[in-house]
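Data first, discussion second: the structure below is written as structure tokens.
The values are calculated or read from the model by the stated rules, or taken from the named source; none is laboratory data. Note that the structure is a prediction, hence the values are computed from the model and not measured. FYI the Cβ positions are ideal-geometry reconstructions off the backbone, even for glycines, and counts take in every protein chain you see.
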Amino acid sequence: MCGPHFCSMKITQDVRDYAAKLGVHEDAAIAKGMEAKAVEFVQRGAEIYSKA
């Protein structure tokens, strides 16, 4: 499903590119990306809603 602010095909390709850049399987790239975002979330105060 795609729209003006979301395209699942682009996201899938971005994950594949990220995995290739890291030299790992796509599943490992997803795990690494989620880990990095979790650290960023905590560093920003662990607030679900933030002011833009």
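Of the conditions (1) assigned to a loop (DSSP other than H, G, I, E, B); (2) modelled with pLDDT of 90 or more, Lys21 fails just one. Which one is it?
Of (1) assigned to a loop (DSSP other than H, G, I, E, B); (2) modelled with pLDDT of 90 or more, only one is false for Lys21: (1).
Anything in segment 11-26 that is surrounded by 10 or more Cβ atoms within 10 Å (Cβ to Cβ) and of a type outside the set (Ser, Thr, Tyr)? List them, or say none. Outline the logic, then answer.
Initially, segment 11-26 is screened for residues surrounded by 10 or more Cβ atoms within 10 Å (Cβ to Cβ), giving 11-20, 22, 24-26.
Selection gives Ile11, Gln13, Asp14, Val15, Arg16, Asp17, Ala19, Ala20, Leu22, Val24, His25, Glu26.
Quick check, is Lys37 farther than 25 Å from Cys2 by Cα and not aliphatic (A, V, I, L, M)? Working first, answer last.
Numbers: farther than 25 Å from Cys2 by Cα: no; not aliphatic (A, V, I, L, M): yes.
When the stated conditions are applied, Lys37 does not pass them.
Consider Tyr49 carefully, then state whether it is of a type in the set (Ser, Thr, Tyr) and either touching an Asp or Glu at 6+ places or on another chain (Cβ under 6 Å) or surrounded by 12 or more Cβ atoms within 10 Å (Cβ to Cβ) (or both). Give the derivation first.
Values: of a type in the set (Ser, Thr, Tyr): yes; either touching an Asp or Glu at 6+ places or on another chain (Cβ under 6 Å) or surrounded by 12 or more Cβ atoms within 10 Å (Cβ to Cβ) (or both): no.
No.
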